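Chemist: My questions will all concern the structure given below.
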Amino acid sequence: MQAGLDAGVGISRAKDKTPLVKLKKNIIRDRALLLIMIPVVAYFIIFCYLPMYGVIIAFKDFIPGKGLTSGEWVGLKHFYMFFNSIYFGRLVRNTVLISVYGLLWGFPIPIMFALMLNELKDGLYKRAIQTISYLPHFISVVVVVGMMYNFLSVQDGIVNVFIEKFGGMSINFFNTPKYFRTMYIASGIWQEFGWSSIIYLAALSSIDPQLYEAAKIDGANRWQKMIHITIPGILPTIIILLILSLGSIMSVGFEKIILMYNPSTYEVSDVISTYTYRRGILGSSYSFGAAVGFFNSVINFTLLLIFNYFSKKVSSISLW
Amino acid sequence: MKKTLRVIIYVVVCLSLIVSLFSGCNNKKETAPAQTQETQKAAETKAADTKAAETASSDAMTLKLPIVQPGSVTLKIGTFDNWYAPASYASNLAIFQAIEKDTGVKINWEVSPPAQWNTQMQTRLAAGGDDLPDIICVPWGETMKWASAGTLQPLEELVDKFAPNMKKFFSEQPEVKALNYAPDGHMYKISSYVSESAYVNPWLFTIRKDWLDKLQLKVPESTDDWYNVLKAFKEKDPNGNGKADEIPYTIEGPHYLSRFAECFGLRAFYSGYQYPDASGKVIDQRLTDQFKAYLTWVNKLYKEKLLDNEFAGLDLEKKLAKVNRNIVGATGTFISNIPSFNSNLQKAGFADANYVPCIPPKGPYGNPTFEAYGPISGDFAITSVSKNKEVAIKWLDYVYASPEGIRYCMYGIEGKSYVMENGKIKLTDFTLKNPDGLGPFEALRSLGAWPNVPYQQKEEAYKAILLAPYPELSAITEKVKPYLVFGWPPILSSKEETDQLSSISADLNTYMEEMTTKFIIGTESLDKFDDFKNQVKALGVDKILAIKQAQWDRHQKALKGN
């Protein structure tokens, strides 16, 4: 807000001068800000933009040990290899389904949790709940999957013990394809909802309390206050986060899936990243891995652009 | 005034941040002269080496010791660290001190834990550069990749000129020699020789003898026996806790389950079902009726819960957790692990617990063969950037093939881990009843023996160390020996072969693994076996078999050529 006003003033003052002089003047005026920005810009250039050069190996037969510029140009060979795999369709479907279901269930829960926490009075109880809810975030995913193996074991996992106590048949969770996504997503939500809610709590705390007071005077009850003040107040945050997570819909990390899957559940659990891991890293076909990764990023970026565009049109909230 | 000061502070802070960002590059520049100095020094020593080498090659029959002027050359060895983790090679272990004394060569170890080795070395090799170690353990299965990238030094001439012990060993063991050679006619690597020990520590089925006795059953000798015994374990509550919680047979994942496939006349464990038939034609045995018979039998075990229904997702730790809870009737393992199965259970209060190894059971297709690991293991190479190649090959010659080197690697240090009695080697209590409670291998490895550089495993050493306290296991290995065969030999593939194999087999292997598991757990009916065969063919299995046929023929020719 402040910066925008400043810029406006700058423009009006520099009305009768050439653009170059204007620029120079602006640079001198904002020199401190610009200097402070340099490390950040340098970071992004060195660690994010320069490495992008490595993407060229997706179009080459990369020979490790001879550097990125080595190897013959092969054009889109590695991309065609991926598209022609009999598993291409299944991999894309599994990846998108896990992402979409994950988003569908996983996205609203931190928001609801933050709203509920917000209704509590500040105090030990609230703080305790908040801490307990975000603690699982710090547990390694290996441990989480290990816990799932224990709780869901066929012989004496606590879940199956209950099922049998109530007369059911014990379920072989880890070898039955239909349970895979549920287990994957539910454990993910358990681990992350508390942590993800922190950003909403921060957004909530920035809502002007005068609004609540005014609403109270107008006779609004708690529910109405939530609908008409709280949610609109954090809506920009929600939309920005939604756009960002839609932008990573084609990428499901391979670590947790590799820990959880086995050949009997490949039909729902094998995703693009695990396939790339098996073939690109274990089979050390680096060019192939790079091609799949590049393909993934392009799709993700396109999705991000599309959703951002729609959001801008519909709600005038956008990333840029 | 105040403002100027503020500006100065801004500038200083920002500049220092920028400088710290780029300091990585600066460091490199500063060290550059030091490097050149090193190179110069290396070049000087190299000149000295070549002189020494010339004198040595005139007398090629024996390896002259010390190899170099003591302390004048330091070799860098990059390999994975000691299996006995507390004694890192980096801390200059006893046998390597002794070897340094004999050879005069100092060793600089560049090691990382075994689990991280592959990735670490892959990264180092992929980064290239000339600071690679002189001797490296090549990441698993990547020898030809790095050989064709020019990273590895062809060794055949070096061996011929400077390594008399190795030369002698290779002429006695033509298969080992043939397997060291790449399709382009060069020898890029030397592997540890393990075939003698493969017979001492086979991977066998093991079963609870105490449960069998309780139910008055005999150790199963055929697949039909196995079915009956497992069924009895399931139904008759052999652990006597009143609950039907027994898991008759459990195993860590589909691969280890395939030992049963070998009872149906298949070559599964190390060959992965692709092996030449009697006429020398390489076939995929998963397309045969024998494989279908195996699947049908295992599917029956799974359905009746005689086979652990969680096997597909198990790993070794999860399996051991089950074994330790006194609910597992039978499983499979290297027989050297069996004593620890029993002692763990006995410590947990199941005093009668007694796993015994079983002879390979007879299947419907006659006596089985069990595949053993070997004849070689691990690929070690000299890098082409090494400045001390002659010294490196001589050092390897001494450690790998000289009688003294073999004795260091097998038995450790005389007077400490073994003594000589009437010209015979006798292990001491340090090894067999270690005062610190180490197992015999751990005790030897704490001295650096049984190392992670190329060495030769000797059957008599393995037996003396491993099975001396367990005569009954030793007796079993004698009985099992006739059943053991080596799997598909580790023939090196050319780069073209590797590229073709990897592009076809990625989808094929996924399909095979998935379908095999589904057939076993019954989510796919075995009526669809013919569809499975057609799909496997459609995925290009014939191309893989053609490549493997060429490799097999090449290997046979190399064997005859020797």
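Chemist: Could you go through the stretch A:194-202 and let me know if any residue there is at pLDDT below 95, more than 14 Å from chain B (Cβ to nearest Cβ), on the phi < 0 side of the Ramachandran plot and more than 16 Å from the chain's Cα centre (by Cα).
Modeler: Scanning the stretch A:194-202 turns up at least one residue that is at pLDDT below 95, more than 14 Å from chain B (Cβ to nearest Cβ), on the phi < 0 side of the Ramachandran plot and more than 16 Å from the chain's Cα centre (by Cα).
Chemist: Could you grab me the full set of residues in the stretch B:285-315 that are under 24 Å from the mean Cα position of the chain (by Cα) and either closer than 22 Å to B:Gln556 by Cβ or in a loop (DSSP other than H, G, I, E, B) (or both)?
Modeler: Scanning the stretch B:285-315 gives B:Leu314, B:Asp315.
Chemist: Further question: Which residues, counting only those in the stretch B:178-237, are touching a residue at least 60 places away in the same chain (Cβ under 8 Å) and of a type in the set (Gly, Ala, Ser)?
Modeler: Matches in the stretch B:178-237: B:Ala178, B:Ala182, B:Ser191, B:Ser192, B:Ser195, B:Ser197, B:Ala198, B:Ser222.
Chemist: Still on this structure: Give the residue, chosen from A:Glu164, A:Glu192, that is farther than 30 Å from B:Lys243 by Cβ and among the charged types (D, E, K, R).
Modeler: A:Glu192
Chemist: Name every residue in the stretch B:117-135 that is over 18 Å from B:Gly150 (Cβ atoms) and more than 14 Å from chain A (Cβ to nearest Cβ), in order of residue number.
Modeler: The one that is over 18 Å from B:Gly150 (Cβ atoms) and more than 14 Å from chain A (Cβ to nearest Cβ): B:Trp117.
Chemist: If you check A:Ser287, A:Ser251, which single one turns out to be among the small types (Gly, Ala, Ser) and within 14 Å of another protein chain (Cβ to nearest Cβ)?
Modeler: Criteria check complete, one pass: A:Ser287.
Chemist: Another question about this same structure. Of these, A:Leu135, A:Leu104, A:Leu50, which one is over 22 Å from the mean Cα position of the chain (by Cα) and open to solvent by 40 Å² or more (accessible area, probe 1.4 Å)?
Modeler: A:Leu50
Chemist: Further question on the same structure: For the stretch A:157-184, what are the residues that are under 22 Å from the mean Cα position of the chain (by Cα) and surrounded by 13 or more Cβ atoms within 10 Å (Cβ to Cβ)?
Modeler: A:Phe180, A:Arg181, A:Met183, A:Tyr184, listed by residue number.
Chemist: If B:Val159 satisfies every condition in (1) more than 12 Å from chain A (Cβ to nearest Cβ); (2) among the β-branched types (Val, Ile, Thr); (3) open to solvent by 20 Å² or more (accessible area, probe 1.4 Å) but one, which is the exception?
Modeler: Every listed condition holds for B:Val159 apart from (3).
Chemist: Among A:Pro64, A:Pro19, which is modelled with pLDDT under 90, over 27 Å from A:Asn300 (Cα atoms) and exposed (fewer than 13 other Cβ atoms within 10 Å of the Cβ)?
Modeler: A:Pro19 is the lone residue from the list that is modelled with pLDDT under 90, over 27 Å from A:Asn300 (Cα atoms) and exposed (fewer than 13 other Cβ atoms within 10 Å of the Cβ).
Chemist: Further question: When residues of the stretch B:473-525 are filtered for being more than 28 Å from B:Gln549 (Cα to Cα), open to solvent by less than 40 Å² (accessible area, probe 1.4 Å) and either more than 11 Å from chain A (Cβ to nearest Cβ) or among the β-branched types (Val, Ile, Thr) (or both), how many remain?
Modeler: 7
Chemist: Would you please name the residue that is nearest to B:Lys319 (Cα to Cα), looking only at residues in the stretch B:241-255 that are within 11 Å of another protein chain (Cβ to nearest Cβ) and open to solvent by less than 10 Å² (accessible area, probe 1.4 Å)?
Modeler: Top of the filtered list is B:Thr250.
Chemist: Let me ask another. Could you please find all residues in the stretch B:342-365 being over 24 Å from B:Ser222 (Cα atoms) and either of a type in the set (Phe, Trp, Tyr) or open to solvent by less than 30 Å² (accessible area, probe 1.4 Å) (or both)?
Modeler: B:Asn342, B:Leu345, B:Phe350
Chemist: So which helices (runs of 4 or more DSSP H) stay within the stretch A:231-320 end to end and still have 3 or more residues that are open to solvent by 50 Å² or more (accessible area, probe 1.4 Å) and free of Cβ contacts under 8 Å to residues at least 60 places away in the same chain?
Modeler: Those helices (runs of 4 or more DSSP H) span A:286-315.
Chemist: If I filter the stretch B:173-224 down to residues being among the basic types (Lys, Arg) and farther than 14 Å from B:Pro490 by Cα, which single residue comes out as most open to solvent (accessible area, probe 1.4 Å)?
Modeler: Applying the filter and picking the extreme gives B:Lys218.
Chemist: Quick one: which of B:Ile190, B:Ile251, B:Ile247 is out of contact with any Phe, Trp or Tyr (no Cβ under 6 Å at 6 or more places or on another chain) and aliphatic (A, V, I, L, M)?
Modeler: When all the criteria are applied, what remains is B:Ile247.
Chemist: Can you tell me which residues in the stretch A:49-76 are away from chain B (no Cβ under 13 Å) and over 20 Å from B:Thr123 (Cβ atoms)?
Modeler: A:Tyr49, A:Phe59, A:Trp73, A:Gly75, A:Leu76
Chemist: On to the next question. Within the stretch B:532-546, track down each residue that is open to solvent by 20 Å² or more (accessible area, probe 1.4 Å) and within 14 Å of chain A (Cβ to nearest Cβ).
Modeler: B:Asn534, B:Gln535, B:Lys537, B:Ala538, B:Leu539
Chemist: For the stretch B:93-115, which residues satisfy the criterion of being free of Cβ contacts under 8 Å to residues at least 12 places away in the same chain and among the polar types (S, T, N, Q)?
Modeler: B:Gln97
Chemist: Between residues in the stretch A:44-57 that are in contact (Cβ under 8 Å) with a residue 40 or more places away in the chain and residues that are in a helix (DSSP H, G or I), which pairs lie under 7 Å by C-beta distance while being six or more apart or on different chains?
Modeler: Hits for this filter: A:Val55/A:Ala290; A:Val55/A:Phe294; A:Ile57/A:Tyr286; A:Ile57/A:Ser287; A:Ile57/A:Ala290.
Chemist: Can you tell me how many residues in the stretch A:121-156 are within 14 Å of chain B (Cβ to nearest Cβ) and over 21 Å from A:Ile258 (Cβ atoms)?
Modeler: Qualifying residue count, the stretch A:121-156: 3.
Chemist: Just to be sure, is B:Lys318 within 14 Å of another protein chain (Cβ to nearest Cβ), assigned to a helix (DSSP H, G or I) and touching a Phe, Trp or Tyr at 6+ places or on another chain (Cβ under 9 Å)?
Modeler: So B:Lys318 fits the description; yes.
Chemist: Only one of B:Ser493, B:Ser446, B:Ser502 is of a type in the set (S, T, N, Q), out of contact with any helix residue (DSSP H, G or I) (no Cβ under 7 Å at 6 or more places or on another chain) and within 30 Å of B:Val399 (Cβ to Cβ). Can you tell me which?
Modeler: Result: B:Ser446 is the single residue among B:Ser493, B:Ser446, B:Ser502 that is of a type in the set (S, T, N, Q), out of contact with any helix residue (DSSP H, G or I) (no Cβ under 7 Å at 6 or more places or on another chain) and within 30 Å of B:Val399 (Cβ to Cβ).
Chemist: Based on this model, can you work out whether A:Val154 counts as open to solvent by less than 30 Å² (accessible area, probe 1.4 Å) and assigned to a loop (DSSP other than H, G, I, E, B)?
Modeler: When the stated conditions are applied, A:Val154 passes them.
Chemist: Let me ask you something else. Looking only at the stretch B:65-85, which residues are part of a strand (DSSP E or B) and open to solvent by less than 10 Å² (accessible area, probe 1.4 Å)?
Modeler: Scanning the stretch B:65-85 gives B:Val73, B:Leu75, B:Ile77, B:Gly78, B:Thr79.
The values are calculated or read from the model by the stated rules, or taken from the named source; none is laboratory data. Predicted, not measured: the structure shown is a model, and the values here were computed from it. Note: ideal-geometry Cβ built from the backbone for every residue, glycine included; neighbour counts use all protein chains shown. We work out accessible area using only protein heavy atoms, side chains counted, and drop any ligands, DNA or RNA first. Shrake-Rupley method; radii C 1.70, N 1.55, O 1.52, S 1.80 Å.
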